[in-house]
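Asks: Have a look at the structure that comes next, please.
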Amino acid sequence: AVAFLARAETIARALDDPYMLMLIRGNTGLAALFLGDIDAARAAFREELRLCREMTILPAAHEALRGLAAVAIVDGDVRRAARLIGAAAGHRYGDPEDAVDARLDATFFARTRARHGADAWTALVREGAALNLKDAVAYALEEPPGRGPATPQPAQQRAT
């Protein structure tokens, strides 16, 4: 899969297709994460998230947020991981959980949640879930809150 993703990335970049590149970088991040290449996973998820923000493809952001949460766990930053998981959960925009979500949970999140304590973990997840998408993306990319391009909210999320 990694070899096919590398070829697909070369093609997407040559075609200047940011949407396809966003999808490829997300899959590259997942493959790298599950293979233990944390630096490659971090770079791929960060690029996926930047592309999500630039193109305002809001439903795709949760994958990068969860991927960066797993990277944070490997880095030993449990507080950041829990906040990113909360941010991801708060910005799924109706995208159902799937087998990848289950594998991330089983491989990275469940043990960490249990070790950290359910109450402490849940409090941190709530902090992340309270972030608007613009601030969640800034937090994930380690940018100051409220900076970066505006991220419009989908119609169902706008205040009335």
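Asks: I'm trying to understand the selection: among the residues of segment 114-123, which are surrounded by fewer than 21 Cβ atoms within 10 Å (Cβ to Cβ) and either under 20 Å from V71 (Cβ atoms) or of a type in the set (G, A, S) (or both)?
Replies: If we filter segment 114-123 for residues that are surrounded by fewer than 21 Cβ atoms within 10 Å (Cβ to Cβ), which is where we start, we get 114-120, 122-123.
A114, R115, H116, G117, A118, A120, A123, listed by residue number.
Asks: Also, quick follow-up: Among the residues of segment 80-104, which ones are farther than 18 Å from I38 by Cβ and among the charged types (D, E, K, R)?
Replies: The answer is R83, R92, D95, E97, D98, D101.
Asks: Restricting to segment 6-31, give me the number of residues that are open to solvent by less than 70 Å² (accessible area, probe 1.4 Å) and either farther than 22 Å from L141 by Cβ or without any contact (Cβ under 8 Å) to a residue 24 or more places away in the chain (or both).
Replies: Summing the residues that are open to solvent by less than 70 Å² (accessible area, probe 1.4 Å) and either farther than 22 Å from L141 by Cβ or without any contact (Cβ under 8 Å) to a residue 24 or more places away in the chain (or both) in segment 6-31 gives 6.
Asks: Next up: Is segment 72-86 home to any residue that is under 17 Å from E143 (Cα atoms), touching a Ser or Thr at 6+ places or on another chain (Cβ under 8 Å) and either open to solvent by less than 50 Å² (accessible area, probe 1.4 Å) or modelled with pLDDT under 95 (or both)?
Replies: Yes: one or more hits.
Asks: State which residue is surrounded by the most Cβ atoms within 10 Å (Cβ to Cβ) when the search covers only segment 55-67 and only residues that are touching a Pro at 6+ places or on another chain (Cβ under 7 Å) and in a helix (DSSP H, G or I). Please lay out each step first, then the result.
Replies: Quick first cut of segment 55-67, residues touching a Pro at 6+ places or on another chain (Cβ under 7 Å) only: 55-56, 58.
Remaining after also requiring in a helix (DSSP H, G or I): 55, 58.
Working: M55: 13, L58: 20.
Looking at the filtered set, the residue picked out is L58.
Asks: Let me ask something additional. If we scan segment 35-53, do we find a residue that is in contact with a helix residue (DSSP H, G or I) (Cβ under 9 Å, 6 or more places away or on another chain), more than 15 Å from A136 (Cα to Cα) and not in a helix (DSSP H, G or I)?
Replies: Scanning segment 35-53 turns up at least one residue that is in contact with a helix residue (DSSP H, G or I) (Cβ under 9 Å, 6 or more places away or on another chain), more than 15 Å from A136 (Cα to Cα) and not in a helix (DSSP H, G or I).
Asks: Something else about it: Is there a residue being in contact (Cβ under 8 Å) with a residue 40 or more places away in the chain and of a type in the set (S, T, N, Q) anywhere in segment 120-128?
Replies: Looking through segment 120-128, none of the residues is in contact (Cβ under 8 Å) with a residue 40 or more places away in the chain and of a type in the set (S, T, N, Q).
The values are calculated or read from the model by the stated rules, or taken from the named source; none is laboratory data. Given the structure is predicted, the values throughout are model-derived calculations rather than measurements. FYI the Cβ positions are ideal-geometry reconstructions off the backbone, even for glycines, and counts take in every protein chain you see. Please note that ligands, DNA and RNA were not included when accessible areas were found on the heavy atoms of the full protein model with its side chains. Shrake-Rupley method; radii C 1.70, N 1.55, O 1.52, S 1.80 Å.
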